[in-house]
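Report on the following structure.
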Amino acid sequence: MDAPLVPPVSARSAVLSLLLGAHPPSLTGREIVGAMDLFGIAETTTRVALTRMVANGDLVRSDSVYTLSARLAQRQKDVEPPERGPWTGGWELAVVTTTGRSATDRVALRAEMARRRVAELREGVWTRPANLRRRWPDSLLAVATCFEAFPYDEPAELAGRLWDLESWSDRGAAYLELLAEAGDEPARFRTMVAAVHHLQTDPLLPSELLPAEWPADALTAAYSEYRRWLAAMRGDTDISTRR
C-alpha cells in the first residue's frame, strides 16, 4: 500500500466529512464546534476553517447554521453508490470519437469516469460490467459513442486487469481492523474519513467477478453505523463537553 492508510485530516476536510454525513447537510456552529472538539480539533481552528469555507463558497451561512453549498451538496449524492441490478454478462462500452480535445478536457473526463467506477480499457475506450442502474454522464455522451458489448475475454480476468481488486480488498480489510481497534474518537474519525474515501473507489462489480471476502459491504455497514452515531450525537445538547 503506497499511500498512508490514515493520512491527517485538516479542519476543512473534517467539517466537510461531518456535513457530508448529515441529512440534511446543515449543522449549527455549536454542533460543528462540539463535534470537532470531540475529534481533536480546537474551537479556534474550527472557527477559522468555517470562516474561510464560507468565504470560498464551500458553505452557506444563515444565522448560526452552516449548510453545504450546492456544488458540495452534489458530493453528498455521490457518496451514495448507484443502485445495482442483475448482471447478464454484458459490459458498458464507451468509445471517445471526438478529436481535438484539450488535455484539460481529457483529464476532467478521466476523473469523472473514475468517480463513476468506469475503467479505461485503452486510450479513449471506457468499460465496466453493465450492472449499475444509472446513465452515462452528459460530459461523455457529448464526445463518445456508448453501447453494450459482450467480451470474449474471461470476465473475471478482464475485471482483474482493469481494477487492482486484491489491493483494494486488502486496504478495505485493513480499515475495518483499524476501526475495530480505534481507542478514541479522533482516531476513529480519521480512520472513518479515510475508509469512506476508499469506499468511494469501490468498482461496484457483480459478485461473480469479486474476490472472496470482499470488504465493501462491511465498510458500508460501518459507515452507516457511524452516521447513525453522528445523528444521535447531533441531538446531544451537551456535545461540546463530551469525550
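Within segment 135-153, identify whether any single residue is assigned to a strand (DSSP E or B), touching a Pro at 6+ places or on another chain (Cβ under 8 Å) and either under 22 Å from H198 (Cα atoms) or not assigned by TED's automatic domain parsing to the domain that holds A195 (or both), and answer yes or no.
Checked against the condition, which is being assigned to a strand (DSSP E or B), touching a Pro at 6+ places or on another chain (Cβ under 8 Å) and either under 22 Å from H198 (Cα atoms) or not assigned by TED's automatic domain parsing to the domain that holds A195 (or both), segment 135-153 yields no hits at all.
How many of the residues making up segment 121-134 are assigned to a strand (DSSP E or B) and surrounded by 16 or more Cβ atoms within 10 Å (Cβ to Cβ)?
6
For segment 91-108, how many residues meet the condition of being surrounded by 13 or more Cβ atoms within 10 Å (Cβ to Cβ), more than 21 Å from R161 (Cβ to Cβ) and not charged (D, E, K, R)?
Residues in segment 91-108 being surrounded by 13 or more Cβ atoms within 10 Å (Cβ to Cβ), more than 21 Å from R161 (Cβ to Cβ) and not charged (D, E, K, R): 1 in total.
Quick grid of which residues meet (1) touching an Asp or Glu at 6+ places or on another chain (Cβ under 6 Å); (2) within 17 Å of A216 (Cβ to Cβ); (3) modelled with pLDDT of 95 or more; (4) buried (at least 16 other Cβ atoms within 10 Å of the Cβ):
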{"position": "A144", "(1), (2), (3), (4)": "no, no, no, yes"}
{"position": "F150", "(1), (2), (3), (4)": "no, no, no, no"}
{"position": "E154", "(1), (2), (3), (4)": "no, no, no, no"}
{"position": "D164", "(1), (2), (3), (4)": "no, yes, yes, no"}
{"position": "S169", "(1), (2), (3), (4)": "no, yes, yes, yes"}
{"position": "A173", "(1), (2), (3), (4)": "no, yes, yes, no"}
{"position": "D184", "(1), (2), (3), (4)": "no, no, no, no"}
{"position": "R188", "(1), (2), (3), (4)": "no, no, no, yes"}
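What strands (runs of 3 or more DSSP E) completely inside segment 1-74 contain at least 1 residues that are surrounded by fewer than 20 Cβ atoms within 10 Å (Cβ to Cβ) and of a type in the set (A, V, I, L, M)? Full working, then the answer.
Values: elements: 26-28, 59-62, 65-68.
Filter on segment 1-74 gives 59-62, 65-68.
Can you tell which of R101, R106, R110 is farther than 30 Å from L18 by Cα, in a helix (DSSP H, G or I) and basic (K, R)?
None of the other options fit; the residue is R106.
The values are calculated or read from the model by the stated rules, or taken from the named source; none is laboratory data. Everything numeric here is computed off the predicted structure, so don't read it as measured data. Counting neighbours? That spans all protein chains shown, and the Cβs are built from the backbone with ideal geometry, glycine included.
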